[in-house]
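The values are calculated or read from the model by the stated rules, or taken from the named source; none is laboratory data. These numbers were taken from a predicted model, which means no experiment stands behind them. So basically every Cβ, Gly included, is an ideal-geometry build from the backbone, and we count neighbours across all protein chains shown.
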Amino acid sequence: MVRAARYVSAAVAAGALLLGPSTASAQETPQALRQEIDQLRRDFEALKQQYGDRLTALEAKLAAAEGAAPATPAPAPGAAAGAQGAPQTVQVPAGAAGAGGPSGALPVYGGAVTGSKIFNPDIAVIGDFLGAVGSNSAPDAPRSLELHESEAAFQAVVDPYARADFFISFGEHDVTVEEGYLTLTSLPGGLLTKVGKMRAAFGKVNTLHNHVLPWTDRPLVTHNLVGGEDGISDAGISVARLIPNKWIFLEATGQVFRGDSGDAASPLFTAVSRDEVSYVGHLRGYQDISESSNIDLGVSFARGHNDAELGNDDVRGNFITQLYGVDATFRWRPLQRSIYRSFVGRTEWIWSRRDQLSGLQKSTGYYVSGDYQFGRRWFVGARLDASDRATDASLRDTGGSLVLTYWPSEFSQVRGQYRRTNYALGDPANEFLFQFQFSIGAHGAHPF
Amino acid sequence: MKRIILLFIALALAAAPARAQSKLTVVATTEDLAAIAREVGGDRISVDSIAKGYQDPHFVEAKPSFILKLTRADLLIVVGRELEIGWLPPLIQQSRNGKIQVGAEGYLDASLHAEILEVPQGEITRAMGDVHPLGNPHYWLDPENGKRIAKDIADKLSQFRPNDRPTFEQRLADFTTRIDAAERRWTADMAPYKGVKVVTYHRSFPNFAKRFGLDIEGYVEPRPGIPPTPQHTLDLINEMKRQNIKLVLVEPYFDLKTPNAIARETGGQVLVMPPSVGGVKEVSDYFKLFDYDIKLLIDAIKKTGAK
């Protein structure tokens, strides 16, 4: 096809050369002639392109019309060489790419009407199986074996202005929308706006789903001060903007939520009336130190009404919890060996100011962790934990963990974690946690 | 509620509209596409790239510094075929740049007119490893595809800057002429070694092999994206001995331990062969990529007597 086209174009060019002298006036320079040939060539190329496109469209239509008929090879353009004897394919309609759909040729399963499937969102399911041995008398300690979470993700572009992401989390007993939000991708002024239910931009761990954490659990400070596994996750509106400057990546995020956050074991915010909304603010600075290392710093603030004296109508709604957080992440990954070696060191410090009838509780907590990748599939990590309790700052829990992670492939992960926790009340816990994580469906983005 | 409104007003006020620059700002996901864009765009555009030529393009980190590059881009050129699926979508999403969203005018998938090999047939599952359902994305390693990519880029640039169309077309014609000449040279250099058998680490070289007559007989990876296993390595060594294969081509970002062991066992040679511009220091443009790879191959073939 290409060769034939070349002959034709040569012929056209030659024709132009022959015709040229007879029609051109005496003043015409060789340069003008050349321009003319170039123009002809361009016209021809355009024509070729046009016909090629039409032919492709026709082929696609033909393939679609043949429907469930025995597979006839309908080679995709550009894929012809590789797709000899390929199953029946259909060309993605123009504009599908604009909707986040694939482009090029797609296989057709079960007939022409299924062309609409290409607008289905990207779907993935992530299983998180958790097991625990050893002792832990805390009421919400993991059971011996559990399918801790099955997360279903649905993601697609909505229209030229927005995309939508849903993450439905099936626990052992309940189903929750972990996140479900619309992202407006191209608002003027560089505002990135999200509307829906989402994990708040408070620090680092709060923004992460379970399956991208470097541990099988969440740090003690998250459990004691930041709403536990659910964390600050609520219905609301988020606006983030880059602050232009010459030096670093700087992003400010402001969020307003209904005011309900935290899981049953560690409630954080509780809104009774409409004006008890909660706020989260986050400022993130990022800088590359070299091509293989970088530093990520953040400060966060959250404010909302807490659950103190909910049954007491006289004072209900007067109790506020404020959180302040600082987070720092250092990453190292040598580019040329990026799939074999890396290190991530991270820490978060959180200060909680919780009003309650007994007085203001000023609690502090932190974690410090490091994860080193020492092979294509192997990671080792450690974490130090300490946190006061939100409702009684005089009680301080501490702990530490060692983690070993193995990746059979990009889509599955096996992890073991030894965890020791010294609770302020009760016996210390010594546990070995193990986890299998596996993902099927669309290829998600790698976490950063 | 007032506070909410104030917050929004404050954020809106802080928003200063970005000014368009006179030079078209082009960001390519890889150095190869950036090199071709430079050939076509010349001084009318400024070109930046994201992945380095010596890093595995499947596993680039979605660093915020890349978001800054995309924020300012008029045009984003991607390899496509899901090569960048693990890292580009979050970057585009956070770029706040409507121009370069997938399907928008400033989003160019360079693979659309290229010859794509290894489009999977029949049922595909992840049991086959990290397969690319839309075909092998390493298609730029064929100069013919280089010309197709260049044409797509020239068309796109002309769409943005109609006044510069003659410049872009002139540069495209010039690039095409030089590629044609170089390709004749490369093909002639490789002609005596047509059908020479090699093993590669990852499936990065099908287009290169097809164009220049290499015969890829096996892979160090048992499946795409799956690191070598002892059994597979043993099988590969036996196969190489049986067929007398001497050359193991390895992309610069893979560990050389297994390839070196294979070469020791088979009396062969490991070639660290960059599949991308920037893969080694000398390869600073699209032409030098083929110059370098072909010289590397021919020297090794001569040395090992590979057939």
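Worth a mention:
- Residues that are charged (D, E, K, R), surrounded by fewer than 18 Cβ atoms within 10 Å (Cβ to Cβ), assigned to a loop (DSSP other than H, G, I, E, B) and without any contact (Cβ under 8 Å) to a residue 40 or more places away in the chain do occur in region A:333-353.
- Scan of region B:54-96 for residues that are surrounded by 21 or more Cβ atoms within 10 Å (Cβ to Cβ), of a type in the set (A, V, I, L, M) and within 21 Å of B:Glu251 (Cβ to Cβ), ordered by number: B:Val60, B:Val78, B:Val79, B:Leu83, B:Leu88
- Single residue of region A:389-448 satisfying the filter (among the β-branched types (Val, Ile, Thr) and out of contact with any Ser or Thr (no Cβ under 8 Å at 6 or more places or on another chain)) that is farthest from the other protein chains (Cβ to nearest Cβ): A:Thr391
- Subset of region A:153-168 [crowded, with 20+ Cβ neighbours inside 10 Å and either under 18 Å from A:Asp230 (Cβ atoms) or over 16 Å from the mean Cα position of the chain (by Cα) (or both)]: A:Ala153, A:Phe167
- The single condition among (1) part of a helix (DSSP H, G or I); (2) farther than 28 Å from A:Trp407 by Cβ that B:Ala127 does not satisfy is (2).
Per-residue answers, yes or no, for (1) in a loop (DSSP other than H, G, I, E, B); (2) under 19 Å from the mean Cα position of the chain (by Cα); (3) at pLDDT below 95:
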{"position": "B:Ile245", "(1), (2), (3)": "yes, no, no"}
{"position": "B:Tyr253", "(1), (2), (3)": "yes, yes, no"}
{"position": "B:Ile262", "(1), (2), (3)": "no, no, no"}
{"position": "B:Leu271", "(1), (2), (3)": "no, yes, no"}
{"position": "B:Pro275", "(1), (2), (3)": "yes, yes, no"}
{"position": "B:Gly278", "(1), (2), (3)": "yes, yes, no"}
{"position": "B:Ser284", "(1), (2), (3)": "yes, yes, no"}
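- Any hit, region A:181-195, residues being in a strand (DSSP E or B) and away from chain B (no Cβ under 14 Å): no
- Matching option when the condition is surrounded by fewer than 22 Cβ atoms within 10 Å (Cβ to Cβ), of a type in the set (Ser, Thr, Tyr) and in contact with a Lys or Arg (Cβ under 7 Å, 6 or more places away or on another chain), among B:Thr233, B:Thr304: B:Thr304
- Residue within region B:83-92 that is facing another protein chain (nearest Cβ under 7 Å) and of a type in the set (Gly, Ala, Ser) present: yes
- Among the criteria (1) within 21 Å of B:Leu271 (Cα to Cα); (2) among the aliphatic types (A, V, I, L, M); (3) crowded, with 19+ Cβ neighbours inside 10 Å, the one B:Leu157 does not fulfil is (1).
- Scanning region A:169-185 for residues that are surrounded by fewer than 19 Cβ atoms within 10 Å (Cβ to Cβ) and over 13 Å from the mean Cα position of the chain (by Cα) yields a total of 10.
- Residue match in region A:273-283 (condition: of a type in the set (Gly, Ala, Ser), outside any strand (DSSP E or B), free of Cβ contacts under 8 Å to residues at least 12 places away in the same chain and within 12 Å of another protein chain (Cβ to nearest Cβ)): no
- Selection count, region A:125-142, where residues are within 12 Å of A:Gly416 (Cα to Cα) and crowded, with 17+ Cβ neighbours inside 10 Å: 3
- Qualifying residue in region A:167-174 (condition: in a helix (DSSP H, G or I) and not charged (D, E, K, R)): no
- The number of residues in region B:70-84 being under 28 Å from A:Gly285 (Cβ atoms) and modelled with pLDDT under 95 comes to 2.
- B:Ile45 passes every criterion in (1) over 22 Å from A:Ile289 (Cα atoms); (2) facing chain A (nearest Cβ under 10 Å); (3) surrounded by fewer than 24 Cβ atoms within 10 Å (Cβ to Cβ) apart from (2).
- Top-ranked residue in region B:205-255 [being within 14 Å of chain A (Cβ to nearest Cβ) and small (Gly, Ala, Ser); ranked as nearest to B:Pro143 (Cα to Cα)]: B:Ala209
- Residue in region B:108-117 that is over 18 Å from B:Glu31 (Cβ atoms), under 23 Å from the mean Cα position of the chain (by Cα), at the interface with chain A (Cβ under 9 Å from one of its Cβ atoms) and of a type in the set (S, T, N, Q) present: no
- When A:Ser369, A:Ser387 are checked against the criterion of being in contact (Cβ under 8 Å) with a residue 60 or more places away in the chain, part of a strand (DSSP E or B) and touching a helix residue (DSSP H, G or I) at 6+ places or on another chain (Cβ under 7 Å), a single residue qualifies: A:Ser387.
- The listed residues are A:Gly262, A:Gly228, A:Gly285, and the only one of them that is surrounded by 24 or more Cβ atoms within 10 Å (Cβ to Cβ), of a type in the set (Gly, Ala, Ser) and more than 18 Å from the chain's Cα centre (by Cα) turns out to be A:Gly262.
- Boolean, A:Gly259 is modelled with pLDDT of 95 or more, within 27 Å of A:Glu179 (Cα to Cα) and in a loop (DSSP other than H, G, I, E, B): yes
- Residue within region B:265-272 that is free of Cβ contacts under 8 Å to residues at least 40 places away in the same chain and within 14 Å of chain A (Cβ to nearest Cβ) present: yes
- Answer from A:Ile320, A:Ile339, A:Ile350 - the residue that is more than 30 Å from A:Leu404 (Cα to Cα) and either of a type in the set (Val, Ile, Thr) or not assigned by TED's automatic domain parsing to the domain that holds A:Asp397 (or both): A:Ile320
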